[in-house]
Amino acid sequence: MKINNILISQPFTSHNSPYIELSKNENVKIDFRSFIEVKGASSTDVRKQKINFSDFTVVLFISKKSIDHYFRLAESMRFKVPISMRYVCQTAAIAYYLQKYIVYRKRKIFIGKKSFQDILPYIKKHSKEKFLFPSSDILKPEIPKMLNKLNIFWKRAILYKTTYSDLSDLKNIYYDILVFFSPACIKSLFQNFPNFDQNQNNIKIATFGKNTLDAAYKAGLKIEIKVPTPKYPSMAKALEKYIQKYR
């Protein structure tokens, strides 16, 4: 058998995407479709949470989206972010993204290596500061638990929400492989198609990240491609190998 078509559960972002090369090299059709949508909170939503940006001296960022929505709302609420504001970023990629909004070299920024645990020592060291934690409505429950154990002043601000896309137009379209990058995408699949049965059309499932893998297993899916691995850190490479092996 041959893999003919693949659905990536994310929007198309760049013509330099490795999936474009994969499509050409392996003669496979690849479609992109966002399974989730992000809706930003309004100024009123923030005030209802009793959040005042000026009350905080440090902002914790664990995603680029949280940066976008923090500065968007700061502008809409006429809050001029002071130069003295400190930032704690979970990864270097998130920290560098801050350059979109601030003069990077003039700010105090702490950068973690990879996980949320990496930034905890810094937070603990500066326990007298007041920490604002912008996030979406979806958050790993262990993160608030870790912050509460530090005995610090912190507040979570839900600045954007994740909603499920309407996928009804895909009802009668079948793909050989479905690729997922987040638990929310898995939930969106079953929200749109409660009776989804991958065995009915021999659909293969690919997941990126442990949380997505766990969500897929919990939903009763059989996983053929699990990324990342030491051998295949990227989804595109893992798909390429699978297609060649499957053929």
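The values are calculated or read from the model by the stated rules, or taken from the named source; none is laboratory data. Everything quoted here is computed from the prediction, not taken from an experiment. No Cβ is skipped: glycine too gets one built from the backbone with ideal geometry, and neighbour counts run over all protein chains shown. When the accessible area is computed, the model is the full protein with side chains, heavy atoms only, and any ligands, DNA or RNA have been set aside. Shrake-Rupley method; radii C 1.70, N 1.55, O 1.52, S 1.80 Å.
Which residues, taken from segment 168-197, are closer than 17 Å to residue 215 by Cβ and outside any helix (DSSP H, G or I)? Listed by number, the residues that qualify are 178, 179, 180, 181, 182, 193, 194, 196. Selection of segment 139-192 for residues being within 23 Å of the chain's Cα centre (by Cα) and of a type in the set (Val, Ile, Thr) yields 143, 158, 162, 163, 177, 179, 186. Elements of the type strands (runs of 3 or more DSSP E) sitting completely within segment 23-140 and holding at least 2 residues that are open to solvent by 40 Å² or more (accessible area, probe 1.4 Å) and closer than 28 Å to residue 182 by Cα: these cover 29-32, 36-40, 108-111. Among residues of segment 86-114 that are under 18 Å from residue 134 (Cβ atoms), those with a Cβ under 8 angstrom from a residue that is charged (D, E, K, R) and assigned to a loop (DSSP other than H, G, I, E, B), sequence gap 6+ or separate chain, pair up as 86/107; 86/129; 87/107; 90/114; 91/113; 91/114; 98/107. Within segment 199-215, the set of residues being at pLDDT 95 or above and part of a loop (DSSP other than H, G, I, E, B) comprises 203 only.
Residues that are more than 25 Å from residue 71 (Cα to Cα), assigned to a helix (DSSP H, G or I) and hydrophobic (A, V, I, L, M, F, W, C) within segment 142-165 comprise just one, 146. The residue that is most open to solvent (accessible area, probe 1.4 Å), counting only those in segment 157-191 that are polar (S, T, N, Q), without any contact (Cβ under 8 Å) to a residue 40 or more places away in the chain and out of contact with any Phe, Trp or Tyr (no Cβ under 7 Å at 6 or more places or on another chain), is 172.
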